[in-house]
Amino acid sequence: MEKKQLSNIGPFHYELLIISQGNGKTLPNDFASCRIFICVQKPESRPSLIGYDVDTETDVTIGLGSTYVSCVIDLALQTMVEGSIVSLKFPDSKLSELSLEVRLISFSLSEEVYRLSPDAKLTRALRLKEVGTKAFRTKDTEVAFYKFSRALKYVLCIRNVGELPSASEIETLRCQCYLNISACQLLTDSFVSVTDNCSRALNIDPSNVKGFFRRARAQIGLNEYEKAKDDLVKAQSLEPGNTAVSKLLASVKVAMKKEDGELAKSISKMFH
């Protein structure tokens, strides 16, 4: 019996239609190894667009999908049992013409997060960050944001970090995740979120130039030029030869001077 549902998970929006219920009650979890079969119904699509091999049995690891479509497939798999088949569509995106069927042939569960050692959690976070970095470089911002956010979740669930031999690596990765998320948010003009995440990164590494620079860009977007100037001055003191910082600082000073002039004119008009 067919059952349709619309899903919005993170940045992903898709329509899932259950074609065959399959057998069993156990669902794949994050990082489960799955054998699947994908059939693209329309239109013909490049494997690079899907992210997984099509028209053949293929093995995938849930969570490591590197494209918008493969991320949605990963999410769909976590709602399926062995033998089930679903149809996926993307009605509210640039992929609105795409329709595909996914069959879950078999799977092996991965270790649940609460059972993972700190090193295992760190390994998963690093793999997710790597996928996110590749997606960001190819301008797939939604995927990058999702992967960096999930990497951060794994890092944040590591307890008693200060007592671990890998404490420095964990804190560095946490800082990088906040900065990478802020880079994605800058592209969508989410300026308040950018300032928040850069501040979190700077609490970990107070001399991080990227943190000051990105927070300054967000503050400019919020018309908070004085705060932007302060951050850029700090960044410049840390890296005097950074031309991007110097250029942005010069632009901020020009904007502040113009803003002061306009304010002076408006005050003058009040007394005439």
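Table for the structure above
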{"item": "Any strands (runs of 3 or more DSSP E) falling wholly within segment 1-111 and containing at least 2 residues that are without any contact (Cβ under 8 Å) to a residue 24 or more places away in the chain and either open to solvent by less than 60 Å² (accessible area, probe 1.4 Å) or more than 24 Å from Gln185 (Cα to Cα) (or both)", "result": "3-9"}
{"item": "So Leu126, is it more than 24 Å from Leu16 (Cβ to Cβ), of a type outside the set (Val, Ile, Thr) and in contact (Cβ under 8 Å) with a residue 40 or more places away in the chain", "result": "yes"}
{"item": "Hey, Asp119 open to solvent by 50 Å² or more (accessible area, probe 1.4 Å), in a helix (DSSP H, G or I) and of a type in the set (Asp, Glu) or not", "result": "yes"}
{"item": "Odd one out for Lys139, checked against (1) in contact with a Pro (Cβ under 8 Å, 6 or more places away or on another chain); (2) under 16 Å from Gln185 (Cβ atoms)", "result": "(1)"}
{"item": "Pair list, Cβ < 9 Å and 6+ apart or interchain, from segment 139-158 residues that are on the phi > 0 side of the Ramachandran plot to residues that are assigned to a helix (DSSP H, G or I) and not β-branched (Val, Ile, Thr)", "result": "Lys139/Leu187"}
{"item": "Filter pass, Glu142 being open to solvent by 70 Å² or more (accessible area, probe 1.4 Å), out of contact with any Gly (no Cβ under 6 Å at 6 or more places or on another chain) and part of a helix (DSSP H, G or I)", "result": "yes"}
{"item": "Output for segment 233-259, where each listed residue is open to solvent by 60 Å² or more (accessible area, probe 1.4 Å), of a type outside the set (S, T, N, Q) and more than 20 Å from Pro206 (Cα to Cα)", "result": "Lys247, Lys253, Val254, Lys257, Lys258, Glu259"}
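Condition check ((1) of a type outside the set (A, V, I, L, M); (2) modelled with pLDDT of 95 or more) across all residues:
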residue	(1), (2)
Thr172	yes, yes
Tyr178	yes, yes
Ile181	no, yes
Leu187	no, yes
Ile204	no, yes
Gly211	yes, yes
Ala264	no, no
Phe271	yes, no
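The values are calculated or read from the model by the stated rules, or taken from the named source; none is laboratory data. Predicted, not measured: the structure shown is a model, and the values here were computed from it. We place every Cβ from the backbone using ideal geometry, glycine too, and count neighbours over all the protein chains shown. Surface areas here come from the heavy atoms of the whole protein model, side chains and all, with no ligands, DNA or RNA. Shrake-Rupley method; radii C 1.70, N 1.55, O 1.52, S 1.80 Å.
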